[in-house]
Amino acid sequence: MNHFARRTAAGSAAVLAAAGLLFAAGCSEENKDKAKDAVASVTSAVGAPGGTSTTEPGGMTTTPGSETTSGSETTSGSATTSGAAGESTSVSTPNGDITISGEIYKKYKAAGGASSPLGAPEEAQESGPDGGEYQDFTGGTIYWSKDSGAHIVWGAIREAWEENGGANGTLGYPTSDEKDITGGKQSDFTGGTITWVNGVTTVTPK
């Protein structure tokens with residue numbers, strides 16, 4: 001701050017001195033030209049340090065001691081996207097990145113995602129009967145159809161369901177998640193019910 005003040009005061013004095021030369025030069029054109037040159041030289045020397053700013057091609061403004069650059073920064077890497085097919089996410093697994101999307105992703109997300117008992121996906125989504133879809137996870141399977149919606153099947157009930165043909169069997173798609181009943185669990189399907197009570201699994205067709 002003190003250096004700047006001294007330079008300003010000295011510069012002002014130099015400009016006044018140069019102006020005095022111009023006045024003293026009288027009417028001689030040669031003397032006038034010399035005095036003008038002196039004034040221009042002093043003014044240039046005073047204005048240059050510390051306070052100039054220049055605008056460079058592309059819009060970057062640079063001021064000595066302070067640089068401002070205009071631009072934008074784009075960061076990619078978000079796992080979740082939104083598009084015409086609905087929300088989706090990609091999960092890194094030992095088998096590579098596996099995508100979960102649409103109604104199955106919504107159900108997976110609502111259940112708690114990879115931190116839930118479902119865990120990570122084991123494979124990509126596959127097509128089921130009648131336009132449905134399903135995806136296997138380390139802890140269970142999510143099945144979806146237009147008529148039944150998306151539901152989770154796992155554990156002993158899942159095993160019994162698959163033994164009876166799964167969605168392609170007489171039980172068809174699940175119409176509920178596994179729910180608590182007296183002594184155990186129950187899942188409902190379009191074609192019947194499977195219960196697990198006191199360690200015993202029972203399939204009851206409609």
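The values are calculated or read from the model by the stated rules, or taken from the named source; none is laboratory data. Values in this document were obtained by computation on a predicted structure and should not be read as measured data. So basically every Cβ, Gly included, is an ideal-geometry build from the backbone, and we count neighbours across all protein chains shown. Calculation scope for accessible area: heavy atoms of the full protein, side chains included, ligands and nucleic acids excluded. Shrake-Rupley method; radii C 1.70, N 1.55, O 1.52, S 1.80 Å.
The figures follow:
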read-out: Theoretical FRET efficiency, 1/(1+(r/R0)^6), r = Cβ-Cβ of residue 99 and residue 159, R0 35 Å, to 0.05; value: 0.85
read-out: Gain on full stretching of the segment that runs from residue 204 to residue 87 - 0.36 nm per residue minus C-alpha separation; value: 38.5 nm
read-out: Added length on full extension, which subtracts the Cα-Cα distance from 0.36 nm per residue, residue 197 to residue 175; value: 6.0 nm
read-out: Cα-projected label distance for residue 182 with residue 168, points at 7 Å along beta-carbon direction, nm; value: 3.9 nm
read-out: Approximate spin-label separation residue 120-residue 190, in nm, with each point projected 7 Å along Cα-to-Cβ; value: 3.3 nm
read-out: Sparsely packed trypsin sites (Lys or Arg not before Pro) within segment 94-189, loop by DSSP, other Cβ within 10 Å at most 11; value: 146
read-out: Segment 111-175 - percent of accessible surface contributed by carbon and sulfur, probe 1.4 Å; value: 44 percent
